[in-house]
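Working notes for the structure below.
The values are calculated or read from the model by the stated rules, or taken from the named source; none is laboratory data. All of these numbers come straight from a predicted model, not from anything done at the bench. Glycine also receives a Cβ, built like all others from the backbone with ideal geometry; neighbour counts cover every protein chain displayed. For the accessible areas, the whole protein counts, side chains as well, though only heavy atoms, and no ligand, DNA or RNA atoms are used. Shrake-Rupley method; radii C 1.70, N 1.55, O 1.52, S 1.80 Å.
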Amino acid sequence: MSAQIHANLTEEQVREISASLDEPEWLLEKRLDALAALADLDMPDVIRTPGRNWTNLYNLDFEGFVDPLNAAEEKDQVGPEEVEVMSITEALDEREEFVREHFGSVIDPQENYLTALQTALFSTGTVVFVPDGVDAEDVTVRTRMNSRSLFNYTLVVTGESSSVTILERQTTGEDVEGERYYSGLVEIDAGENANVQYGSLQNVDEETYTYTLKRGHADTYGTIDWIEGNVGSRLTKSSVETRLLGEGAESQIVGAFFGHNDQHFDVASRVWHEAEHTTADLVTRGVLDDEARSVYEGVQDVGSAAWDTNSYQRENTLMLSDESEADASPKLIINNHDTEASHSATVGQVDAQDLFYMTSRAVSPRAARNMLVEGFFVPVLDEIKVEEFREDLADLVAVRLRE
């Protein structure tokens, strides 16, 4: 089943976006190829059981909220002097061949309908390059969406024996009414013995639909650690993925979400072990209240060449309401017997005995519940090595509990 192409997505619009960014011809061609491919592409994969899609992306109303030529944002992208942090326009002007080499090298622009739509229509983005041997922190990318739709692209390339910590945040302004759509692709190419920490905190308003795909390639002894926090949006479709391509490569994916009202979170963590002595650790915790819904998919794929692999996965969802709903699908795909791996997923409610114990000691039921929720997130927060991100996520949880 292919997605429906709406009349407001045209070649003229794509050419106008490209011209406004003064792009080279090769990038315009990638956009036009992606646009032409839309008619034959499906939505991203979702978990299906007989008679049901756990997330129905085909109901998204692109006609209603994708407005290709009216993208507005406030963007703050900064980093230390030894790291190149550029807008996509600056990168194309100053490092065109570098961008050409890496653009679409990690995520195929035509992987699915939404990646192709993103490639055809993106109007903003950030390129980060960390040279060999440079250790850098405090690269920050803040995006405040001030339009009906926004398509954002991020490229991170790190040299040999370098390291970088990147914090990304998405929010929405208050000057746009009605439904919105935010799309973001992140490509990370981590060089040999490089270390990348990438934290993303999504807190857009609850009239916004979001689709994000973040994928990294880790070279020999390279490390890519992801932190993914989702609090806002009406519907979130998010996937964080690492391909461990080099011997000794490692990845950790830490995820957290907190849904209320009728929010829907479809989150995925995926890792491919494709070389010897690779290690992965996937940790996700979520809380649901009211009529919120979550769908989690975790995939650990161990290839036939991935000798001496260690791969672990655990996901836990806490339900605060009888009307909320959670589903989880952890998966192990093992094609090499020299593997140590485990996976687990649990769904449960606040422990009644814990609540009784606390309320019997003069703690109000509301305060007791909030303390238990904050405690539930502690194992995830403890995995987050970046103090600023850890504090930001804890603050958002505290705000949600007070609502």
Select from the range 164-196 the residues that are open to solvent by 40 Å² or more (accessible area, probe 1.4 Å) and within 18 Å of R215 (Cβ to Cβ) and list them in ascending order.
D189, N195
Yes/no for H337 being at negative phi and out of contact with any strand residue (DSSP E or B) (no Cβ under 8 Å at 6 or more places or on another chain):
yes
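Restricting to the range 330-343, name every residue that is assigned to a strand (DSSP E or B) and surrounded by fewer than 16 Cβ atoms within 10 Å (Cβ to Cβ). Explain how you work it out, then say what you get.
Filtering the range 330-343 down to residues assigned to a strand (DSSP E or B) leaves 330-334, 339-343.
Hits for the range 330-343 are K331, L332, I333, E340, S342.
For the range 304-325, indicate whether the set of residues that are more than 30 Å from L401 (Cβ to Cβ) and of a type in the set (A, V, I, L, M) is non-empty. Outline the logic, then answer.
Taking the range 304-325 as the starting set, the residues that turn out to be more than 30 Å from L401 (Cβ to Cβ) are 304-311.
If we keep only those that are of a type in the set (A, V, I, L, M) as well, we get 305-306.
Looking through the range 304-325, at least one residue is more than 30 Å from L401 (Cβ to Cβ) and of a type in the set (A, V, I, L, M).
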Could you please find all residues in the range 148-174 being part of a loop (DSSP other than H, G, I, E, B) and of a type in the set (G, A, S)?
G159, S161, S162, G173
Within the range 14-25, count every residue that is open to solvent by 30 Å² or more (accessible area, probe 1.4 Å) and either assigned to a helix (DSSP H, G or I) or modelled with pLDDT under 90 (or both).
5
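Restricting to the range 113-123, and then to whatever is among the polar types (S, T, N, Q) and open to solvent by less than 10 Å² (accessible area, probe 1.4 Å), can you tell me which residue is farthest from Q77 (Cα to Cα)?
Filtering the range 113-123 for residues among the polar types (S, T, N, Q) gives 115, 118-119, 123.
Next cut, open to solvent by less than 10 Å² (accessible area, probe 1.4 Å) only: 115, 118-119.
Numbers: T115: 23, Q118: 20, T119: 21 Å.
In this case the residue turns out to be T115.
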Hits in the range 344-381 (condition: of a type in the set (G, A, S), exposed (fewer than 13 other Cβ atoms within 10 Å of the Cβ), within 26 Å of the chain's Cα centre (by Cα) and more than 18 Å from R402 (Cβ to Cβ)):
S344, G348
Out of the residues in the range 234-273 meeting the condition of being more than 13 Å from D301 (Cβ to Cβ) and hydroxyl-bearing (S, T, Y), tell me which one is surrounded by the fewest Cβ atoms within 10 Å (Cβ to Cβ).
S239
Just to be sure before I move on: is V156 over 18 Å from the mean Cα position of the chain (by Cα), β-branched (V, I, T), within 22 Å of T171 (Cβ to Cβ) and surrounded by 15 or more Cβ atoms within 10 Å (Cβ to Cβ) in the structure I sent?
no
Select, from D93, D76, D132, D138, the only residue that is part of a loop (DSSP other than H, G, I, E, B) and open to solvent by 30 Å² or more (accessible area, probe 1.4 Å).
D132
Can you name every residue in the range 87-139 that is over 26 Å from P68 (Cα atoms), within 23 Å of the chain's Cα centre (by Cα) and β-branched (V, I, T)?
V130, V139
Looking only at residues that are in contact (Cβ under 8 Å) with a residue 60 or more places away in the chain, acidic (D, E) and over 14 Å from V254 (Cβ atoms) in the range 382-403, which one is surrounded by the fewest Cβ atoms within 10 Å (Cβ to Cβ)?
E403
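If the requirement is being at negative phi and touching a strand residue (DSSP E or B) at 6+ places or on another chain (Cβ under 6 Å), which of these qualifies: T115, T119, T143? First the steps, then the outcome.
Working: T115 fails: touching a strand residue (DSSP E or B) at 6+ places or on another chain (Cβ under 6 Å); T119 fails: touching a strand residue (DSSP E or B) at 6+ places or on another chain (Cβ under 6 Å).
From the options T115, T119, T143, the qualifying one is T143.
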Per-region count, the range 316-326, residues out of contact with any Leu (no Cβ under 8 Å at 6 or more places or on another chain) and open to solvent by less than 40 Å² (accessible area, probe 1.4 Å)
1
Could you grab me the full set of residues in the range 201-234 that are among the hydrophobic types (A, V, I, L, M, F, W, C) and in contact with a helix residue (DSSP H, G or I) (Cβ under 9 Å, 6 or more places away or on another chain)?
L201, L213, I227, V231
